[in-house]
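> My questions all concern the structure below.
The values are calculated or read from the model by the stated rules, or taken from the named source; none is laboratory data. A quick note: this is a predicted structure, and the numbers were derived from the prediction, not measured. Heads up, the Cβs are rebuilt from the backbone with ideal geometry, glycines too, and the neighbour counts pull from every protein chain shown.
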């Protein structure tokens with residue numbers, strides 16, 4: 001092996017003479033930088049949420065909290081809008097995920113059956129919606145016509161089924177349920193319903209878990225449908241409450257200098273603390289379950305890639 | 001004469017009958033046509049339970065995808081809520097003309113295309129490079145750690161990422177401006193200065209989304225036969241050569257599919273973030289077609305006008321998708337359609 005390497009080395013172009021260790025070192029350096037670039041902002045937000053806002057504003061917080069305080073969290077946890085948003089998000093996420101998973105599994109199964117007349121036409125029609133849709137305004141008008149504005153249905157229904165997920169489900173059934181299995185069941189007198197509910201669904205556990213994960217994260221993080229379809233602040237999901245606190249307030253406060261200065265400064269001071277705390281409180285749940293979710297997402301990425 | 005006239009008549013009838021008899025013979029191959037139709041009906045009837053399973057999904061698509069698609073016609077009408085999609089008066093291409101001749105038109109197109117292109121130019125290659133590097137490393141623990149950390153931000157919502165940008169980029173108290181302060185740079189109000197909108201948008205997209213695509217590429221890389229690497233190593237191929245001649249060709253089909261998908265959504269993706277990052281001060285760069293549709297349609301209730309703009313965007317997008325799909329097919333890579 002060494003002699004071959006030696007013989008080749010003389011003819012290699014310059015770029016290929018970079019030793020393998022050089023590649024390894026470069027990779028480690030770049031990846032470590034990337035890891036730090038992802039982790040440090042998150043870490044900084046955690047320590048800033050526990051620090052005296054004056055120390056944060058003065059640039060004295062780098063590695064450890066300065067002037068340790070729980071004030072921000074106390075205020076956040078005492079706020080009814082945050083709790084209501086949290087409750088709404090739990091409700092919307094649960095309902096939307098259940099609907100999505102049911103539609104995708106049942107629809108994907110039906111479309112996977114080669115003996116379904118019209119299957120090809122239906123699939124093509126569905127795929128068309130992937131690349132061309134009516135757009136935001138007609139969809140809004142449809143939701144409005146259905147009388148869904150300001151109801152939970154406007155949040156959970158319009159985005160329930162993604163074509164891509166439906167295709168993943170269809171491929172899953174095509175690959176994992178051999179025709180022989182169904183034929184055998186049919187010979188034994190099982191109807192399509194019976195086969196679906198007692199054989200296909202139990203065998204599709206990994207698909208169901210994957211779809212549930214994808215939709216849980218998607219629905220928990222969604223804000224746009226709520227923004228356009230909900231007017232009643234009591235129905236806002238957490239993301240919309242967050243948006244109002246994190247993003248809107250900042251802009252409002254820079255132009256809104258009314259009131260006496262002292263109270264304004266105080267509001268600003270605590271406001272910053274609350275923002276850092278809100279980011280932590282709302283990110284923590286999803287990052288805490290991430291190691292568990294990641295496994296399934298990787299599987300999903302694989303499914304998608306295999307399909308491609 | 002009568003006989004004469006009759007005889008041709010007779011022959012005609014004979015011919016006609018012969019012809020009539022011949023017709024089925026000549027059509028024999030297509031004769032079974034009615035049978036499959038009956039068969040098909042039977043098959044449809046036999047599959048009724050499958051249709052029941054499919055029905056809710058189909059209903060969803062009809063209501064939330066095809067009905068809005070049908071409603072796109074208000075782009076050519078003056079929509080009013082009383083007359084609905086089909087009853088409102090027809091105005092032809094008026095809204096499109098108004099949009100194209102409006103003073104924002106050029107700026108909107110420019111902002112949209114520049115943002116989408118910059119975003120793609122960074123967000124597309126970065127995950128490939130990261131995946132190749134992670135794949136190259138031999139330490140399993142470092143690999144897993146890197147993968148988990150880089151993947152994490154894709155679980156964080158756009159609202160929170162933008163919220164983080166607001167606090168970290170704050171001119172008075174933000175981390176970034178404190179860091180810049182060390183380098184002697186005056187504080188920059190990133191979200192108020194139009195020229196900073198695109199860099200902030202693209203950088204945060206890479207921060208948030210690169211890890212997700214990286215995992216897809218890593219999955220594809222894991223599918224490459226290790227024997228190829230072993231053989232190449234025995235033949236004296238360096239790491240770089242193996243990356244170039246084994247890894248990259250191995251994931252090329254995935255790259256090509258993801259590229260077409262990315263281009264197909266070029267003008268749609270990331271609109272939520274643009275909306276969240278938009279401030280009145282940076283609107284000259286952050287106003288893209290989609291945010292303008294939102295503003296004109298939902299905030300100012302110009303339904304027809306904004307639908308026309310949205311349709312314009314969709315058609316532009318579809319054109320891009322088909323073009324790139326065609327290019328991919330020409331290069332004999334996997335194409336989507």
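> Mind listing whichever residues of segment B:159-171 are buried (at least 22 other Cβ atoms within 10 Å of the Cβ), touching a residue at least 24 places away in the same chain (Cβ under 8 Å) and more than 7 Å from chain A (Cβ to nearest Cβ)?
Hits for segment B:159-171 are B:161, B:165.
> Scan segment B:162-202 residue by residue and report those that are farther than 17 Å from residue A:55 by Cα, touching a helix residue (DSSP H, G or I) at 6+ places or on another chain (Cβ under 8 Å) and assigned to a helix (DSSP H, G or I).
B:162, B:163, B:164, B:165, B:166, B:194, B:195, B:197, B:198, B:200, B:201, B:202
> Out of everything in segment A:215-224 that is crowded, with 22+ Cβ neighbours inside 10 Å and more than 9 Å from chain B (Cβ to nearest Cβ), what residue ends up being farthest from residue B:156 (Cα to Cα)?
This residue is A:215.
> Applying the selection to segment A:36-53, what residues are surrounded by 17 or more Cβ atoms within 10 Å (Cβ to Cβ), at the interface with chain B (Cβ under 7 Å from one of its Cβ atoms), over 16 Å from residue A:269 (Cα atoms) and within 21 Å of the chain's Cα centre (by Cα)?
A:38, A:41
> I would also like to ask the following. Would you check if residue A:231 is facing chain B (nearest Cβ under 8 Å) and either in contact (Cβ under 8 Å) with a residue 60 or more places away in the chain or touching a helix residue (DSSP H, G or I) at 6+ places or on another chain (Cβ under 9 Å) (or both)?
For residue A:231, the condition - facing chain B (nearest Cβ under 8 Å) and either in contact (Cβ under 8 Å) with a residue 60 or more places away in the chain or touching a helix residue (DSSP H, G or I) at 6+ places or on another chain (Cβ under 9 Å) (or both) - is not met.
> Identify, please: which residue in segment A:287-296 is more than 16 Å from residue A:204 (Cα to Cα) and surrounded by 16 or more Cβ atoms within 10 Å (Cβ to Cβ) and is, among those, modelled with the highest pLDDT?
Top of the filtered list is A:290.
> To continue, here is another question. It is to be established whether one or more residues within segment B:130-153 are free of Cβ contacts under 8 Å to residues at least 24 places away in the same chain, within 9 Å of chain A (Cβ to nearest Cβ) and surrounded by 20 or more Cβ atoms within 10 Å (Cβ to Cβ).
yes
> Looking at segment B:53-73, which of its residues are more than 7 Å from chain A (Cβ to nearest Cβ) and either closer than 13 Å to residue B:306 by Cβ or out of contact with any helix residue (DSSP H, G or I) (no Cβ under 8 Å at 6 or more places or on another chain) (or both)?
Correct list: B:55, B:59, B:62.
> What are the residues in segment A:15-56 that are closer than 13 Å to residue A:279 by Cβ and free of Cβ contacts under 8 Å to residues at least 12 places away in the same chain, if any?
Once the filter is applied, which keeps residues that are closer than 13 Å to residue A:279 by Cβ and free of Cβ contacts under 8 Å to residues at least 12 places away in the same chain, segment A:15-56 yields A:41, A:43.
> Tell me which of these residue B:314 doesn't satisfy, since it passes every other one: (1) at the interface with chain A (Cβ under 8 Å from one of its Cβ atoms); (2) in contact with a helix residue (DSSP H, G or I) (Cβ under 7 Å, 6 or more places away or on another chain).
Residue B:314 satisfies all of (1) at the interface with chain A (Cβ under 8 Å from one of its Cβ atoms); (2) in contact with a helix residue (DSSP H, G or I) (Cβ under 7 Å, 6 or more places away or on another chain) except (2).
> Inspect segment B:178-187 for any residue being more than 7 Å from chain A (Cβ to nearest Cβ) and either touching a strand residue (DSSP E or B) at 6+ places or on another chain (Cβ under 9 Å) or in contact (Cβ under 8 Å) with a residue 12 or more places away in the chain (or both) and give the result as yes or no.
From segment B:178-187, those more than 7 Å from chain A (Cβ to nearest Cβ) are B:179-180, B:182-187; that's our starting set.
Filter again for either touching a strand residue (DSSP E or B) at 6+ places or on another chain (Cβ under 9 Å) or in contact (Cβ under 8 Å) with a residue 12 or more places away in the chain (or both), leaving B:187.
Yes, because at least one residue in segment B:178-187 is more than 7 Å from chain A (Cβ to nearest Cβ) and either touching a strand residue (DSSP E or B) at 6+ places or on another chain (Cβ under 9 Å) or in contact (Cβ under 8 Å) with a residue 12 or more places away in the chain (or both).
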